[in-house]
Amino acid sequence: MMQNELQLRKRIKTWVIVFIVGLVLSGVTAFPIETELAFFAAHVHAFPAFMQPWVMNIYLAVKTTNQNYPYLSYGTDWLAFGHLVIALVFIGPLKDPVKNIWIIQFGMIACVMVFPLAFIAGPIRQIPVYWRFIDCCFGIFGIIPLYVCYRNIRKLESTLPA
C-alpha cells in the first residue's frame, strides 16, 4: 500500500471511530435519563436563567412520569438501543470504507434530517426554540466527522486500481 493510501485509511478510521463513540455516548446516556436530569436539577443555577425553569420542568415531568407510568421510559430505552445498533452499522466503513461509503452517506442524510424533525415536531411538542437549536447541534456535530470521512473515502477510491 502507498503511504497516501495508508494515511487516508487511518484518517477515515479515526473519524468513523469518533462518530461511533458519539453515537454510543448518545445511546447509553438515554438509559439513566431521570438520574441525569436529577443531577442537572440539583445544579440548575449553572444554567442560564432563561433555561432554569425548562430544566426543572423536564426533570419533574420525567420523575412524575416514571413514578406513575414507568413503562413509558421503555421508549427511551428503545431510543438508546437504536443509537447502539446504528453505531454497530458503522463498523462496515471501518472494515471497507470504499464499499461501505453508503453508510457514511446514510449517516449524513440522518444528520440533515435532525433539522426538519426539530423544527416540525418541536413546536408540536412545545419544545422551546433554543432547545431545538441544541438538538440541531447533534446534526451539525454528527455531519462534520462523516463529511470528513466521505471526502477521504472519495480520495481513497481514486487511488485504488479500477
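Excluding same-chain neighbours fewer than eight residues apart, the aspartates and glutamates reachable from K155 by a Cα-Cα span under 18 Å are E5, D96. Starting from the Cα gyration tensor of the stretch 70-162, take the square roots of the eigenvalues, sort them a ≥ b ≥ c, and report rounded, prolate or oblate (rounded when a/c is under 1.5, otherwise prolate if a/b is larger than b/c, else oblate). Oblate, since a/c reaches 1.5 and b/c is not below a/b. If R0 equals 25 Å, the separation of the Cβ atoms of I58 and W102 corresponds to a calculated FRET efficiency of about 0.10. When the Gaussian network model of the chain links Cα atoms closer than 10 Å, the mean-square fluctuations of F50, F115, F138 top out at F50. Rounded if a/c is under 1.5, else prolate if a/b beats b/c, else oblate: with a ≥ b ≥ c from the C-alpha gyration tensor eigenvalues square-rooted, which is the stretch 10-89? Oblate.
With contacts defined as alpha carbon pairs under 8 Å and 6 or more residues apart, what's the relative contact order of the chain in percent? Working shown, then result.
Numbers: 134 pairs, mean separation 56.2, N = 162.
Relative CO of the chain lands at 35 percent.
In the chain, a dipole from Cβ-located charges (positive for Lys and Arg, negative for Asp and Glu) runs towards its positive end, and of L88, G27, I134 it is L88 whose Cα lies farthest in that direction.
Just so you know, all these numbers are worked out from the coordinates, no wet-lab data involved. Values in this document were obtained by computation on a predicted structure and should not be read as measured data. As a convention, Cβ positions derive from the backbone with ideal geometry for all residues, glycine included, and neighbour counts pool all protein chains shown.
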